[in-house]
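**Q** Let me begin by handing over the structure; questions about it come next.
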């Protein structure tokens, strides 16, 4: 009897360690674009666990592929993704719905039991027809805070939960029929307003996990040059219009306080940067007033990491600096006053250590084609998938 008791105590002591040793998720968003020399066929599926294909839209209350100008979504891509899974059998693919520009109709599809059912039925049909393993809901954002053209209602707070519950029930029913399971995830916001406008404890219980968008804390829409994804606040750079909670660690704390279990929280990382022009020279441009957006790639004021790394880091008049309080790099060109905020291998190292210390579920990043040489992807994969 004593031996059995000791064995039970030993197993109980080991269970938390076993749980913490569970595999990390590496969730890669992929946005097809005709403006980048990168296609679905270039994806190295061995360096990720899940691939979110962005974005499907909502049309007449149902999920629909984005066929607008400048995108390259097609059935051909879906075939390529199935091919990736044949070469990397552990890879799961999800269709991501919405995004900043595609969230206009979420409030309508979430409004009634009938509209929720119609949308959920269309999602199941889409997954079956195109070979996806699940759906990622990127509603930006319930109640308030999204694009000005979005339909928004106060009851979005409760309807967001109800929409996800309807999806969960329909996906589980379909999975039971097919002897498999379908994944349901969501991309969530990065500020207190989002958590006030949602019921995240209930939502987290419905979802397999959440991808928290811990980036865009500052961007070229801001008057002053800030950091896109600081891990911590830097009090030295305080100014009245700078929010000290606009950083990764503060946002993770909000998410945990809102009731999301740590292991269901997947930490977002940017594979891009933002630029400003004609910034004041103090602090090498950090938190200084600027005169609008700086140079860009696909979008003005926004730069892919691949381009930053190849052409700007300690080149073309730019010097790389490091903010040791915020744990992020930045670039400044004193001749033009251009300031660039971004993440690199060093800052990702700190973020990966942080997510491990916090017991989070893994890493997510936006998005693959911005890191065409896989410099950042290799770092994430090495630390979360390959390390012992």
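The values are calculated or read from the model by the stated rules, or taken from the named source; none is laboratory data. The model shown is predicted, which means the values in this text are computed figures rather than measured ones. Positions of Cβ are generated from backbone atoms using ideal geometry, with glycine treated the same way; all protein chains shown enter the neighbour counts.
**Q** Could you tell me how many of the residues in segment 273-329 are over 23 Å from the mean Cα position of the chain (by Cα), in a loop (DSSP other than H, G, I, E, B) and on the phi < 0 side of the Ramachandran plot?
**A** 16
**Q** Another question, if that's okay. Taking residue 343 as the residue in question, decide whether it is within 16 Å of residue 271 (Cβ to Cβ), part of a helix (DSSP H, G or I) and under 18 Å from the mean Cα position of the chain (by Cα). Give the steps one after another, and end with the answer.
**A** Working: within 16 Å of residue 271 (Cβ to Cβ): yes; part of a helix (DSSP H, G or I): no; under 18 Å from the mean Cα position of the chain (by Cα): yes.
The answer is no for residue 343.
**Q** OK, next. From the list 209, 139, 221, pick out the single residue that is in contact with a strand residue (DSSP E or B) (Cβ under 9 Å, 6 or more places away or on another chain) and modelled with pLDDT under 95. Spell out the reasoning first.
**A** On the way: 209 fails: modelled with pLDDT under 95; 139 fails: modelled with pLDDT under 95.
One residue alone meets the criteria, 221.
**Q** Tell me which residues, restricted to segment 169-204, are under 16 Å from residue 261 (Cβ atoms), within 19 Å of the chain's Cα centre (by Cα) and not in a helix (DSSP H, G or I).
**A** Across segment 169-204, the qualifying residues are 184, 185, 186, 188, 198.
**Q** How many residues, within segment 111-156, are under 19 Å from residue 171 (Cβ atoms) and part of a helix (DSSP H, G or I)? Please lay out each step first, then the result.
**A** Here is the first cut: in segment 111-156, the residues under 19 Å from residue 171 (Cβ atoms) are 113-139.
Still in the list and also part of a helix (DSSP H, G or I): 113-130.
Of the residues in that region, 18 qualify.
**Q** Here is a follow-up. Looking only at segment 275-301, how many residues end up being out of contact with any helix residue (DSSP H, G or I) (no Cβ under 6 Å at 6 or more places or on another chain) and more than 17 Å from residue 224 (Cβ to Cβ)?
**A** Residues that pass the stated criteria total 5.
**Q** Any residue that is surrounded by 24 or more Cβ atoms within 10 Å (Cβ to Cβ), more than 20 Å from residue 290 (Cα to Cα) and in contact with a helix residue (DSSP H, G or I) (Cβ under 8 Å, 6 or more places away or on another chain) - is there at least one of those in segment 240-249?
**A** Yes, there is a match, as at least one residue in segment 240-249 is surrounded by 24 or more Cβ atoms within 10 Å (Cβ to Cβ), more than 20 Å from residue 290 (Cα to Cα) and in contact with a helix residue (DSSP H, G or I) (Cβ under 8 Å, 6 or more places away or on another chain).
**Q** Still on this model: Of all residues in segment 128-148, which are in contact with a helix residue (DSSP H, G or I) (Cβ under 8 Å, 6 or more places away or on another chain) and more than 16 Å from residue 206 (Cβ to Cβ)?
**A** 128, 130, 131, 132, 133, 140, 141, 143, 144, 145, 146, 147
**Q** Which of the residues spanning segment 160-188 are at negative phi, surrounded by fewer than 23 Cβ atoms within 10 Å (Cβ to Cβ) and out of contact with any helix residue (DSSP H, G or I) (no Cβ under 7 Å at 6 or more places or on another chain)?
**A** Listed by number, the residues that qualify are 169, 172, 173, 175, 176, 177, 178, 180, 183.
**Q** Also, quick follow-up: Do you know which residues across segment 109-135 are farther than 18 Å from residue 82 by Cβ and surrounded by fewer than 22 Cβ atoms within 10 Å (Cβ to Cβ)?
**A** 111, 112, 113, 114, 115, 117, 118, 121, 122, listed by residue number.
**Q** Within the bounds of segment 190-202, is there any residue that is buried (at least 23 other Cβ atoms within 10 Å of the Cβ) and under 22 Å from residue 350 (Cβ atoms)?
**A** Among the residues of segment 190-202, at least one is buried (at least 23 other Cβ atoms within 10 Å of the Cβ) and under 22 Å from residue 350 (Cβ atoms), which makes the answer yes.
**Q** If you don't mind, another one. Go through segment 91-110 and report how many residues are out of contact with any helix residue (DSSP H, G or I) (no Cβ under 7 Å at 6 or more places or on another chain) and not in a helix (DSSP H, G or I).
**A** First pass over segment 91-110, keeping only residues out of contact with any helix residue (DSSP H, G or I) (no Cβ under 7 Å at 6 or more places or on another chain): 92, 94, 96-97, 99-106.
In the following step, the residues that additionally are not in a helix (DSSP H, G or I) were identified as 92, 94, 96-97, 99, 103-105.
The qualifying residues number 8.
**Q** Applying the selection to segment 20-38, what residues are at pLDDT 95 or above and outside any loop (DSSP other than H, G, I, E, B)? Even if it seems obvious, please write down each step before you answer.
**A** The first filter runs over segment 20-38 and keeps only residues at pLDDT 95 or above, leaving 24-30.
Passing the criteria: 25, 26, 27, 28, 29, 30.
**Q** A further question on this structure: Please verify whether residue 145 is modelled with pLDDT of 95 or more and surrounded by 18 or more Cβ atoms within 10 Å (Cβ to Cβ), treating the condition exactly as stated. Explain how you work it out, then say what you get.
**A** Values: modelled with pLDDT of 95 or more: yes; surrounded by 18 or more Cβ atoms within 10 Å (Cβ to Cβ): no.
No, not satisfied.
**Q** In segment 21-49, how many residues are out of contact with any helix residue (DSSP H, G or I) (no Cβ under 9 Å at 6 or more places or on another chain) and without any contact (Cβ under 8 Å) to a residue 60 or more places away in the chain? Quick ask: steps written out before the conclusion?
**A** So the first thing to find is which residues in segment 21-49 are out of contact with any helix residue (DSSP H, G or I) (no Cβ under 9 Å at 6 or more places or on another chain), and the list is 21, 27, 34-35.
With without any contact (Cβ under 8 Å) to a residue 60 or more places away in the chain added as a condition, the list becomes 21, 34.
Residues in segment 21-49 being out of contact with any helix residue (DSSP H, G or I) (no Cβ under 9 Å at 6 or more places or on another chain) and without any contact (Cβ under 8 Å) to a residue 60 or more places away in the chain: 2 in total.
**Q** Another one. Being in contact (Cβ under 8 Å) with a residue 40 or more places away in the chain, in contact with a helix residue (DSSP H, G or I) (Cβ under 6 Å, 6 or more places away or on another chain) and over 21 Å from residue 209 (Cβ atoms) narrows it down to one of 323, 373, so name that one. Lay out the reasoning, then the answer.
**A** On the way: 323 fails: in contact with a helix residue (DSSP H, G or I) (Cβ under 6 Å, 6 or more places away or on another chain).
Going through 323, 373 in turn, just one is in contact (Cβ under 8 Å) with a residue 40 or more places away in the chain, in contact with a helix residue (DSSP H, G or I) (Cβ under 6 Å, 6 or more places away or on another chain) and over 21 Å from residue 209 (Cβ atoms): 373.
**Q** May I ask you to list the residues in segment 39-69 that are surrounded by 14 or more Cβ atoms within 10 Å (Cβ to Cβ) and assigned to a loop (DSSP other than H, G, I, E, B)?
**A** 39, 43, 44, 48, 49, 61, 65, 66
**Q** For residue 236, state whether it is surrounded by fewer than 16 Cβ atoms within 10 Å (Cβ to Cβ) and not in a loop (DSSP other than H, G, I, E, B).
**A** Numbers: surrounded by fewer than 16 Cβ atoms within 10 Å (Cβ to Cβ): yes; not in a loop (DSSP other than H, G, I, E, B): yes.
Yes; evaluated as a whole, the condition is true for this residue.
**Q** Here are some conditions: (1) over 30 Å from residue 186 (Cα atoms); (2) out of contact with any strand residue (DSSP E or B) (no Cβ under 9 Å at 6 or more places or on another chain). Residue 317 meets all but one. Which one does it not meet?
**A** (2)
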